[in-house]
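Have a look at the structure below before the remarks.
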Amino acid sequence: MTFEHYVRSGQKKLRCGYTTGTCAALAAAGAARVLLTGAAPASVRLRTPKGIVVEVPLEYCAMDGGAARAAVIKDGGDDVDVTSGHLIAVRVEKIAAGIEIAGGEGVGRVTRPGLEQPVGAPAINRVPRQMIAAALEEVCAESGYGGGLRAVISVPDGAEIAKKTFNPMLGIEGGISILGTSGIVEPMSERAIVDTIALEIRQAAAGGARRLLLTPGNYGMEFLRRTGVDTQGVPCVKYSNFIGDTIDIAVTEGIESALVVGHIGKLVKLAGGVMNTHSRVADCRSELFCAHAALCGADRALCRALMDAVTTDECIALLDGAKLRGAVLESLLAAVQRHLDRRAAGVIRLGAVTFSNEYGPLGCTEGARELLREWKL
C-alpha cells in the first residue's frame, strides 16, 4: 500500500511521504480501535492537516494486557529522511477522562528552552499532539466509549536515529522528535531547512542572545574556528543558502545584530541582492565581478576574462594580475552592505566578512567593522 502523492521539483516528479506525527496518529487510532472494539484493523486512515488522506497498513495491532499496541512504518517518500523505514509505535490504555499523550522509548525529551515544547516535556510537537488527540477522539466516538485514553508514543530505535539528526545539538535528548505541521513530507523541502534555521535562532534568542554569527556552511564554520571567533560566545547559525529568510527570522526573534561570515563564492551574490544563493536560483558571480571591475577601471579584456572565469578564486587571480583586487572587493562589499541593510529595513544591524580557501581573508563591510569593534572579536 504505497502512498501515492507527488510534487514536482524542477523536471522531476517526486513522491511525498508522511511525517512522524502522522505515523503516531495512525498507530494511535489502530491501538485505540482494538482496545475499544476488540477488532484489529488491517489498515488505518486519516486526513492530514494539509487535506491529504493517508491510509497505511499496521505492522502490528494487538492487545497487551489491559492496553493495546499498534505500529506504523514511517514512509518519507523520496525525501532524504533518517526516520524512513523505522517503526513509530503507540500504546493506548483507558483512563478516567480526557486524552493524555506521553513519550516513551526513543522519543526525545526537551532539555533546553526555546523549543516548541517546554523543558522536561517529550519532543512531540503541537500539531502531532492535535492529530493524535483527534484520532483517539474519533475512535472513542465511533465505539461509543465515554471515558478517556492515554497514548504513549515510542520509537524502538529512536535513540540511535537521533544521533543522525539535529536533536542533540538542539537540546533534545534520548530520541527523535515527533514532528510535522502539514502531516505530509514534501521531498527536498526548502521549508524544512528554513524551519530548522528558525528553530536554532529561536533557541538562541530564548537563551538571551541578541547577536548572532551567520554562515552558509562548513567553510564558514572552519574559518570561524581558525580565526578563534567561534570561541567568543556568540551563537553561530548555519543558514545554508537562505540568507534572506534567516535575516527575517532574526528580526522576528528580537536579534539586534548579526555578522554574516562566508566564502566569497556565496557572499558575492549578495552584492546583486540575491537572498537565496543556491546556484539553481542565481549564479551571477562572474557577472558581479565583471560589473564592479568595470566600475573600477578594468579594460574590456579583463572584463571578458572575468565573465569567462569558472570560480571566484579565478576572478581574484585575474584582479591580482591587474592590481585591482582591493578596489573591486571594496566595491563589491559596499554593495553587499547596501543589500543587507535594505533587507534589514533598519531593524537589525548587519555586516559581512568574506574569505577564500585559496587566498584567506578578503575583507569585510563597513557594518562588519563596526560590529567587530563593538563585539571585540
Fill in: Extension gain (nm, one decimal) between ARG112 and SER84, 0.36 nm per residue minus Cα-Cα
7.4 nm
Practice prompt. Give me the distance in nm between label points sitting 7 Å out from Cα along the Cα-to-Cβ direction at ARG210 and GLU59, one decimal.
Written response: 4.9 nm
Worksheet item: Spin-label point model (7 Å from Cα, Cβ direction): what's the ARG225 to LEU295 distance in nm?
Response: 3.6 nm
Worksheet item: Hey, which aspartates and glutamates would be in cross-link range of LYS12, C-alpha to C-alpha under 14 Å, not counting anything within fewer than 8 residues on its own chain?
Response: ASP78, ASP79, GLU186
Discussion item. Under 8 Å for C-alpha pairs, at least 6 residues apart: give me the relative contact order for the chain, rounded to a whole percent.
Written reply: 13 percent
Worksheet item: Plugging the Kirkwood radius over Cα pairs into Stokes-Einstein for region 6-185, at a temperature of 20 °C and a viscosity of 1.002 mPa s, what D comes out in µm²/s?
Response: 132 µm²/s
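For Cα pairs less than 8 Å apart in space and 6+ apart in sequence, what is the mean separation divided by the residue count of region 190-375, i.e. the relative contact order in percent?
22 percent
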Worksheet item: How about LYS163: which lysines have a C-alpha closer than 19 Å to its C-alpha, ignoring those fewer than 8 places off in the same chain?
Response: LYS74, LYS238
Discussion item. Suppose the chain between ASN218 and ILE73 were pulled fully straight at 0.36 nm per residue; how much longer would it get relative to their current alpha carbon spacing?
Written reply: 48.9 nm
Response to the item:
Of region 62-104, those with amide N under 14 Å from the point 7 Å along the Cα→Cβ vector of VAL7 are 76-81
Worksheet item: How big is the convex hull of the Cα atoms of region 177-314, per residue, in Å³?
Response: 142 Å³
Worksheet, complete the sentence: Footprinting proxy, MET169, MET275, MET131: sorted fewest to most Cβ within 10 Å, the residues are MET169, MET275, MET131
Worksheet item: For region 6-185, what is the charge dipole size about the Cα centre, in debye to the nearest 20, if Lys and Arg each add +1 at the Cβ and Asp and Glu each add -1 at the Cβ?
Response: 420 debye
Response to the item:
Calculated from DSSP helices alone, with each H run of at least 4 adding -39500 (n - 2.57) and the total divided by the residues of the chain, [θ]222 nm to the nearest 500 comes to -12000 deg cm²/dmol
Worksheet item: Taking the alpha carbon gyration tensor of the chain, what are the square roots of 5 times its eigenvalues, largest first, to the nearest whole Å?
Response: 51, 22, 15
Practice prompt. Work out the length of the dipole vector of region 294-377 about its Cα centre, built from +1 on the beta-carbon of each Lys and Arg and -1 on the beta-carbon of each Asp and Glu, and round it to the nearest 20 debye.
Written response: 320 debye
Worksheet, complete the sentence: In the chain the DSSP beta bridges are antiparallel at a rate, in percent to nearest 5, of 65 percent
Discussion item. Hydropathy at least 0.5 by Kyte-Doolittle, axial extent at least 15 angstrom from the Cα trace: which helices of the chain, defined as entire DSSP H runs, fit?
Written reply: 20-37, 285-295
Fill in: q = 0.26 Å⁻¹: log10 I(q)/I(0) that the Debye formula gives for region 30-75, counting C-alpha atoms only
-0.90
Worksheet item: So for the pair THR196, HIS278, with labels modelled 7 Å out along Cα→Cβ, what separation do we get in nm?
Response: 1.3 nm
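Just so you know, all these numbers are worked out from the coordinates, no wet-lab data involved. The model shown is predicted, which means the values in this text are computed figures rather than measured ones. Don't worry about glycine lacking a Cβ; one is built from the backbone with ideal geometry, like all the others, and counts go over all protein chains shown.
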